[in-house]
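Visitor: This is the structure, below, for whatever I ask next.
The values are calculated or read from the model by the stated rules, or taken from the named source; none is laboratory data. As the structure is a computational prediction, the values presented were derived from the model and not from experiment. Methodologically, a virtual Cβ is constructed for each residue, glycine included, from the backbone with ideal geometry; neighbour enumeration extends over all protein chains shown. Side chains included, ligands, DNA and RNA excluded: accessible areas come from the protein's heavy atoms. Shrake-Rupley method; radii C 1.70, N 1.55, O 1.52, S 1.80 Å.
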Amino acid sequence: MSRKLPETLFSEAQIAQRVDEIAAQISSDYAGKGEIVLLGVLKGAFIFLADISRRLTIPRSIEFIAVSNYEHGSTPSGAVRLVMDVRESIQGRHVIVVEDIVDTGQTIHYLIDMLKSRGPASIRTCVLLHKEHKTEIDVDIDYLGFTIDDEWVVGYGLDFAEHDRTLPYIGVVKPDD
Ligand code: IMP
Ligand code: MG
């Protein structure tokens, strides 16, 4: 069965350039501060985290956490659920939470609250995409890739019901695709 590919919103080259810029900014902000912890939120952030982490010029370790809030595709189920916790302690460490997208803001809000209670030396957020007009909760995004409209996007780690996660670019899913 053939299917139309999602329309390009950000090309591979556009993403690569933005990732370069963000990694350079993080490298400069944390220079001389010792090792940072890049904490990726599974699954959506895995490719973004892989690319950011390989461009940093500062010491870093990689950790993952998994949450779930959208049970199927784009239908929000409401609550955020912790599916897999971090393996190492983050106490006294400089943590950057790496997330694919902030929509309502629930997920990142829940994560930051929980992680702050564990006593990190500092905590910041690095987010690839922000659906600015849909965000209901005050969230601090310290490093942002792109702001987008209220559309469902896939590729570069993001999925629609597990489809299109490994598309090399970021595309928009239209209802009749
Ligand atoms: P929030 O809690 O409403 O901010 O939703 C954030 C989470 O929903 C993200 O981590 C994604 O997993 C998922 N999500 C929201 N919008 C999209 C989208 O357009 N494409 C893919 N995943 C999305
Ligand atoms: Mg996510």
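Visitor: Could you tell me how far the Cα centroid of region 88-162 sits from the Cα centroid of region 5-50, in Å?
Guide: Here the answer is 12 Å between Cα centres.
Visitor: Could you provide, to the nearest whole Å², the per residue accessible area of the chain with probe 1.4 Å?
Guide: Dividing the accessible area of the chain by its residue count gives 52 Å².
Visitor: While we're looking at this one, here's another question. Placing unit charges on C-beta atoms (Lys and Arg positive, Asp and Glu negative, everything else neutral), compute the dipole magnitude of the chain about its Cα centre in debye, rounded to 20.
Guide: My answer is approximately 600 debye.
Visitor: Separate question: Taking a 21 Å limit on the Cα-Cα distance, which of the listed pairs Lys131/Lys174; Lys4/Lys131; Lys43/Lys131 fall beyond it?
Guide: Numbers: Lys131/Lys174 16 Å; Lys4/Lys131 24 Å; Lys43/Lys131 18 Å.
The answer is Lys4/Lys131.
Visitor: From the Cα gyration tensor of region 1-124, with a ≥ b ≥ c the square roots of its eigenvalues, which class applies: rounded if a/c is under 1.5, or else prolate if a/b is larger than b/c, or else oblate?
Guide: Here region 1-124 falls in the oblate category.
Visitor: Mind ranking 28-34, 155-161 by how tightly packed they are, going by the mean number of other C-beta atoms within 10 angstrom, highest first? Don't jump to the answer; show the numbers that get you there.
Guide: Working: 28-34: 11.6, 155-161: 21.6.
By packing density, highest mean first, the sequence is 155-161, 28-34.
Visitor: Another one. Connecting C-alpha atoms closer than 10 Å in a GNM of the chain, tell me which of Ala16, Ala45, Ala121 has the biggest fluctuation.
Guide: Looking only at Ala16, Ala45, Ala121, the largest GNM fluctuation is found for Ala121.
Visitor: Okay, next question. Counting only protein heavy atoms and a 1.4 Å probe, tell me what percentage of region 42-177's accessible area is made up of carbon and sulfur.
Guide: Answer for region 42-177 is 49 percent, counting heavy atoms of protein chains only.
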